[in-house]
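Asks: My structure is below; once you've seen it, I'll send some questions.
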Amino acid sequence: MGAATVGTRKVQGGGSLQQAVPAQGRSRLRLGRIRAPISKTLYGGLAVAGFLLPLAIWEAISAWHLVGRLFLPSPADVWGSLAHWYAGGLLRDTGISVYRVVAGFVLACLIGVPLGLFIGAYKWCEALLQPINDFVRYMPASAFIPLVILWVGIGEGSKIAIIFIGVVFQIVVMVADAVRKLPDRYLEAAYTMGAREGEVMKLVVWRGTWPQIVDILRINMGWAWTYLVVAEMVAADSGLGFAILQAQRFLDTAKIFVGIIIIGLIGLAFDLLFRALHKQMFPWYRP
Amino acid sequence: MNAPRVSLERVGKDYAGHDGVPVPVLKGIDMTASDHEFVAIVGASGCGKSTLLRLVAGLDDVTSGTIRVAGRPVAGPGPDRGMVFQQSTLFPWLTVWQNLRFSRGLAVNAEATSLEVSQYLARSEALLNMMGLARVRESYPNQLSGGMQQRVNIARALVANPEVLLMDEPFGALDAQTRETMHDLVLHLFAAEKTTALFVTHDVEEAIYLADRVVVLAPNPGRVDSTHVVPWGRARAQELKLESAFVTLKGEILARIRATSAVHADHELLASMAVGARAQSVREGGTNP
């Protein structure tokens, strides 16, 4: 109340100046304030700038020949490499990689989400599964490669398996945490209305943690992409990760750049998709 | 008078202490609430009044004694006892209307006849209107003020027509003005609904204003200290709080709470603060003794 009154007085005292630059003056004041909102235009502009700035620095470094082309190809080289790769089956490589990531990720969700729900909801499940899950979770997924080859072979299954191993244990532990964070009072309210255990599980625990679960899946989708290169180290002959490893062998730095950038763009696209889905599905959600 | 709607016989509750030794929270509680009676439970913090309500709700199990609601012993939570908590328990993912109808979808109510279903609908509508919620029917709980949320919570607890409505400091988180509005709304509602209620609060004025009877619990372990009958009927208005009989009753109850309180006012601390304040006023050249 006091702050608002002071603010009004300031604007009144500003005279003609406040009409000329009211919004600018205010936003300049607020940029330094923690959690202060900014306009949508400014947000979008800054996001684009965040991409353009490193691009400009990159361009400058290569234009002035500050670093050798072998170590840092110019943006033009990378663009040329992209065109070359496009002609040589970039879409096929992208398609197979997307397939592997999505397959491993979906499998991990199908197993990890229910396990997480049960571990979060039932203490005995937690006691039985959480310690072993935490133990396995810290084993590096890449170290499983020899075992996966031994057990699954060198077909598609082994690549999917690596991605699955990389994310499933994280999904379990995060979903279990989300369930535990659901306030007791929602469960108790349901019980006092006569709900049975199964109904509380379905109508309260499941419904109440859905937004967090979709968020967890979004984060793990990102991690699944980071395991792609690792997965395609396993006797692959196609895919973005395989192409990057191949390019490394031939010192084709530009192609490495293209591969990394494309993985980044696909990851970003999936992330935005999950965010849009979240907004659409949970209009009621306030974190 | 016929058999009480709610009866507690020598109810005791222990919690496991740090070293495994059970700590008694409630001991030998005898209490009843007759049909359509509004009983308020007050007491110093830590006297176990919320625990008592949770026992009646069946959310916790008694260590000794029996609780009966409409003659049946309590064993676990059930739709015959509606509960309103201090914090809103509305499901944020359901609209106000869907929250009200939540219990309808449960297996307990699956065998309802079509007549019962239509009554249920009519009752939901009536409660919605009586609580002034018709406007926010399609809103999500997060879009409502705290007072509005508690109105929906009360309506939702009443919709299944429980034997008794249990309220655990339902207005504790609301501001003073909203709380007064809620008090008058509850009086109005209970005049129409004729439900039995157990109401836990730390606000003695609220307890007297709403209840037919105020029970004072003493702490360590929680036990019934005294019972005070409120002599006014349900038609009450805010002015009642200023009448001398009301103030006298409030004074009596507060005196009981103070006498039984585990947290005795720290007289030494108060005295030393007074000495400090005096010394400071002397330093500043004050003339106060």
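Every number in this text was worked out from the coordinates using simple rules, so none of it is lab data. All values derive from a computational prediction rather than experimental measurement. Cβ coordinates were reconstructed from backbone atoms using ideal geometry, including for glycine residues, and neighbour counts include every protein chain displayed.
Asks: Measuring from label point to label point, each 7 Å out along Cα→Cβ, what is the B:His188 to A:Ala47 span in nm?
Replies: Distance between the two pseudo-spin positions: 4.7 nm.
Asks: Here is a further query. From the P(r) of region B:72-195, could you give the percentage of C-alpha pairs in the tail past 17 Å?
Replies: 57
Asks: Considering only the protein assembly as shown, what is the antiparallel percent among its DSSP beta bridges, to the nearest 5?
Replies: 50
Asks: Can you list the aspartates and glutamates whose alpha carbon is less than 15 Å from that of A:Lys181, not counting same-chain residues fewer than 8 positions off?
Replies: Filter leaves A:Glu126, A:Asp215.
Asks: Kindly provide the pair-distance distribution of region A:77-154 built from C-alpha pairs, with 5 Å bins from 0 and whole-percent values in order of increasing distance.
Replies: All Cα pairs, binned at 5 Å, distribute as 3, 11, 11, 16, 15, 12, 11, 8, 5, 4, 3, 1 percent.
Asks: Another question, then. After finding the eigenvalues of the alpha carbon gyration tensor for region A:24-66, what semi-axes result from the square roots of 5 times each, listed largest first in whole Å?
Replies: Output for region A:24-66: semi-axes of 31, 11, 8 Å.
Asks: Same structure again: Which of B:Ser103, A:Ser97 has the fewest other C-beta atoms within 10 Å, and how do the rest follow up to the most?
Replies: Fewest to most other Cβ atoms nearby, the residues stand as B:Ser103, A:Ser97.
Asks: Quick one: work out the % antiparallel among DSSP beta bridges in chain B, nearest 5.
Replies: Close to 50 percent.
Asks: OK, next. By a straight-distance test (C-alpha under 26 Å), which lysines pair with A:Lys255 as possible cross-link partners, with residues fewer than eight away in the same chain excluded?
Replies: Answer for A:Lys255, where 26 Å is the Cα cut-off: A:Lys159, listed by chain and number.
Asks: Around B:Val25, with a cut-off of 14 angstrom between Cβ atoms, what is the net charge of the other residues, counting Lys and Arg +1 and Asp and Glu -1?
Replies: Around B:Val25, the surrounding residues sum to +2.
Asks: Please list, by residue number, everything in region A:32-46 whose backbone N is under 16 Å from a paramagnetic label point 7 Å out along Cα→Cβ of A:Leu272.
Replies: A:41, A:43-46
Asks: Taking amide H positions as placed 1.01 Å from N in the peptide plane, with prolines and chain starts having none, which residues 5 or more places from B:Met167, or on another chain, fall under 5 Å of its amide H?
Replies: For B:Met167, whose amide H was placed from the backbone, the distant partners under 5 Å are B:Val84, B:Leu198, B:Phe199, B:Val200.
Asks: If you don't mind, another one. Name the shape class, rounded, prolate or oblate, that the alpha-carbon gyration tensor gives for region A:217-287, where a ≥ b ≥ c are the square roots of its eigenvalues, rounded holds for a/c under 1.5, and otherwise prolate holds if a/b is larger than b/c and oblate otherwise.
Replies: prolate
Asks: Taking 8 Å as the Cα distance limit and 6 or more residues as the minimum spacing, I'd like the relative contact order of chain B as a percentage.
Replies: Contact order relative to length: 25 percent.
Asks: Taking 7 Å along the Cα-to-C-beta vector as the label spot, tell me the A:Leu72-A:Glu156 distance in nanometres, rounded to one decimal.
Replies: 4.1
Asks: Quick one, can you get me the convex hull of the C-alpha atoms of region A:155-217 expressed as volume per residue in Å³?
Replies: Dividing the Cα hull volume of region A:155-217 by its residues yields 87 Å³.
Asks: Please work out the Cα center distance from region B:69-101 to region A:214-269, rounded to the nearest Å.
Replies: 51
Asks: Would you work out the Kirkwood radius for region B:32-128? I mean one over the mean of 1/r across all pairs of different Cα atoms, in Å.
Replies: Mean inverse Cα-Cα distance, inverted, gives 16.1 Å.
Asks: Restricting things to alpha carbons, find the Rg to Rh ratio for the protein assembly as shown using the Kirkwood radius for Rh.
Replies: 1.10
Asks: Long-range amide H contacts for B:Asp35: which residues qualify at under 5 Å (H placed 1.01 Å from N, peptide plane, sequence gap of 5 or more or a different chain)?
Replies: Long-range HN contacts for B:Asp35: B:Arg5.
Asks: Between B:Asn220 and B:Ser272, what is the FRET efficiency for a Förster distance of 22 Å, r being their Cβ-Cβ separation, to the nearest 0.05?
Replies: Computed FRET efficiency for B:Asn220 and B:Ser272: 0.25.
Asks: Another question, then. Work out how much length B:Ala245 to B:Asp19 would gain on full extension: take 0.36 nm times their residue separation and subtract the Cα-Cα distance, in nm to one decimal.
Replies: My answer for the length gained is 76.5 nm.
Asks: Using the Cα atoms as the points, what is the convex hull volume per residue of region A:80-281 in Å³?
Replies: Expressed per residue, the convex hull around the Cα atoms of region A:80-281 is 126 Å³.
Asks: Volume per residue, Å³, of the convex hull around the alpha-carbon atoms of chain B?
Replies: 197
Asks: For region A:25-172, what's the relative contact order in percent, using C-alpha pairs closer than 8 Å and at least 6 residues apart?
Replies: Relative contact order comes out at 24 percent.
Asks: Here's something else I'd like to know. What does the highest-first list of A:170-176, A:128-134 look like by mean Cβ count within 10 Å?
Replies: A:170-176, A:128-134
Asks: Taking the alpha-carbon distance from B:Lys250 and a cut-off under 18 Å, which lysines remain once sequence neighbours fewer than 8 residues away in the same chain are dropped?
Replies: B:Lys241
Asks: Also, I was wondering about something else. Relative contact order, percent, of chain A when contacts are C-alpha pairs under 8 Å separated by at least 6 residues?
Replies: Averaging sequence separation for qualifying contacts and normalising by length gives 22 percent for chain A.
Asks: Next question, about the same structure. Work out the FRET efficiency for B:Asn161 and B:Ala259 from their Cβ-Cβ distance, taking R0 = 30 Å, and round it to the nearest 0.05.
Replies: 0.15
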